1. Which ³J(HN,Hα) values, rounded to whole Hz and listed in residue order, are derived for the stretch 80-87 from phi using the Karplus coefficients 6.51, -1.76 and 1.60 in 6.51 cos²θ - 1.76 cosθ + 1.60 with θ = phi - 60°, glycine and proline given as x?
2. Using the alpha-carbon atoms, what tilt in degrees (0 to 90, nearest 10) does helix 165-174 show relative to the longest principal axis of the chain?
3. Could you run the Karplus curve 6.51 cos²θ - 1.76 cosθ + 1.60 with θ = phi - 60° over the stretch 149-156 and give me ³J(HN,Hα) per residue in whole Hz, x for Gly and Pro?
4. Treat the count of other C-beta atoms within 10 Å as a stand-in for reagent exposure and order 61, 140 from fewest to most.
5. Roughly speaking, what % of Cα-Cα pairs in the chain are separated by over 24 Å, rounded to a whole number?
6. Amide H neighbours of residue 184 under 5 Å, at least 5 residues apart or on other chains, H built in the peptide plane: list them.
7. Hey, fewest Cβ within 10 Å first, where do 157, 120 land in order?
8. So who's got an amide H within less than 5 Å of the one on residue 117, skipping anything under 5 residues away but keeping other chains? H placed 1.01 Å off N, in plane.
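Any read-out appearing in this document is the output of simple, stated calculations on the displayed coordinates, not a laboratory observation. Small disclaimer: the values here were computed from a predicted structure and weren't measured. Counting neighbours? That spans all protein chains shown, and the Cβs are built from the backbone with ideal geometry, glycine included.
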Amino acid sequence: MQKQMFFSLSMAALFLFACQPPVVFNTPQPEDVAAIGGFPKRIQGEYISSADSSLLQITASSIVRTYDFYQKIHISQLDSNQQIIGDTLFDLKTNMGQLIQIEGDSIVTHEHEIDTLFAIDKQNMLKKFKGYYFLNTCFSENSWEVKKLGLSKGSLILGRINKTEDLDELRVLTESSQDSTPYAFSPKRKEFKKFIKNDGFRNNDEFLKIRK
């Protein structure tokens, strides 16, 4: 069911490397809402992204995203430690090889990457509020990234903070005048509720459940 797609090197890097987001919360959100032990059976299962055909696997305690794609780059983009011998791209530092396809002046590689987005533990807290699940991930003391997970019209929606509209909305709701990153907020439960009502978490990924 997975589609073969070509991604640029910059997009692949975006998938594989994560750092502290520019907008965080000082405490897990929503405030004064108890954490829950896992995801209910009704949303557990396998989903496919409507954007890039990556797969999302939700279990009782984790969310894992799998990317399976083809990457095409020009031969000139290879660094000095990489060498093509026949149908294999060798890394001269590690002596590791990877099968490739050659198309003119470009090579095509198959990439398979697994990214654990969330796994309940001391650093990852799950809360439920107003019909949504909030994924709280601790980056450091008083620094939590929050994502919103919910079902909408048969689709699973994973929402992240948008740096522009969401940031402005949080500034207004919390009466904050922060002007440097990371922007850290401490909304009260009422303020967080209003943030959700005003379409907070605008960066959305949509997934469709795979029926088996």
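1. Residue by residue, the stretch 80-87 yields 5, 8, 10, 9, 8, 10, x, 9 Hz.
2. 30
3. Values, residue by residue: 10, x, 9, 9, 6, x, 10, 8 Hz.
4. 140, 61
5. Of all Cα-Cα distances in the chain, 51 percent exceed 24 Å.
6. Amide H to amide H, under 5 Å and 5 or more residues apart or across chains, residue 184 pairs with 24.
7. 157, 120
8. 63, 64, 65
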